[in-house]
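Below is one structure, written out as structure tokens; comments come after it.
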Amino acid sequence: MTQDEVYILKASLKDRKRIWRRIEIKGNQTLRDFDDVLREAFKHDHEDHLSGFFSGDAWKSKQLGVIEPYGGGTNSKKKISKLDLLEGTTIEYVYDFGDNIQHVIKLEKIVDSIPGTNYPRITSQNKPKYQYCVACEKIQKNSVATWICIECSSEKQENVLLCDDCLDEEHPDHYAEELLF
Ligand SMILES: [Zn+2]
Ligand SMILES: [Zn+2]
């Protein structure tokens, strides 16, 4: 175990495996650093909600650590190398203990770090599948949807997908979530 090991991990949404990100993090970085890059990769709020790491199935296996939005939490300073992960091992990550968004994380490989590189970093992701804004479609315009209006979607019982402009203009105070591609 050297300070310069880099862990290459593939994180996917547990209930939508098509959505994945490949992440590289150094062995001497912490669960907090890992949480940070996962929140960025999956567009989770950095300032809200707890998250947690599990050694296997979420909630059914050992909790490796809990991260609070502003950085504290059990084992938040624990180093990745201290998790004793082996290549091929799978752990799980839960963002928001209320919404319980589960992610499966597989350690693909441990390699040497590349000097001058900033870790952790996101190196690749699934091929994005874009959908169009339903409001723009009505006026025969194709704009990539970046949001889902949760309020309108549950009211209409269909996915109300919107571009930035239409969300701002037509759904200003509605609860919306950013789409993941
Ligand atoms: Zn639009
Ligand atoms: Zn709306």
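The values are calculated or read from the model by the stated rules, or taken from the named source; none is laboratory data. Values in this document were obtained by computation on a predicted structure and should not be read as measured data. Here Cβ is always computed from backbone atoms with ideal geometry, including for glycine, and neighbour counts include all displayed protein chains. Note: accessible area is taken over every heavy atom of the protein model, side chains too, but ligands, DNA and RNA are not part of it. Shrake-Rupley method; radii C 1.70, N 1.55, O 1.52, S 1.80 Å.
Within region 149-169, the set of residues being open to solvent by 30 Å² or more (accessible area, probe 1.4 Å) and closer than 16 Å to Phe181 by Cα comprises Asn159, Asp164.
Can you pull out the helices (runs of 4 or more DSSP H) entirely within region 105-170 that have at least 2 residues that are without any contact (Cβ under 8 Å) to a residue 24 or more places away in the chain and closer than 30 Å to Ile23 by Cβ?
164-170
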